[in-house]
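The values are calculated or read from the model by the stated rules, or taken from the named source; none is laboratory data. These figures come from a predicted structure and were not determined experimentally. Side chains included, ligands, DNA and RNA excluded: accessible areas come from the protein's heavy atoms. Shrake-Rupley method; radii C 1.70, N 1.55, O 1.52, S 1.80 Å.
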Amino acid sequence: MPDAIRAFLTAERGSVTIDWVILSAALVGLGLAVTGVISKGLDENFKARMEARPSQERVVATETGPATGQRPLTP
């Protein structure tokens, strides 16, 4: 039995697979971290642009045309 354990611990079969699994997991983690940072920056940028944008009159329309008291939609 000790010979089997020693053979298992010293065997190099599969070590390349383990290396690739660790490398792939690191790349996935890095990708998730970068995505989180970028999405947070985009969200803050979007909020800042929307707050700086002047408020516009709200236009309401029905299927048959503009609602009463509202100006028509223009493209």
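Keeping every protein chain in place, order Met50, Met1 by accessible area at 1.4 Å, biggest value first, i.e. largest first. Mind showing how you got there, number by number?
Details: Met50 90, Met1 165 Å².
Sorted by accessible area, descending: Met1, Met50.
Need the full-extension length gain, Ala25 to Asn45, defined as separation in residues times 0.36 nm minus the C-alpha distance. One decimal, nm. Kindly include the intermediate steps, with their values, before the conclusion.
Numbers: separation 20, 0.36 × 20 = 7.20 nm, distance 3.03 nm.
Full extension of this stretch gives 4.2 nm more.
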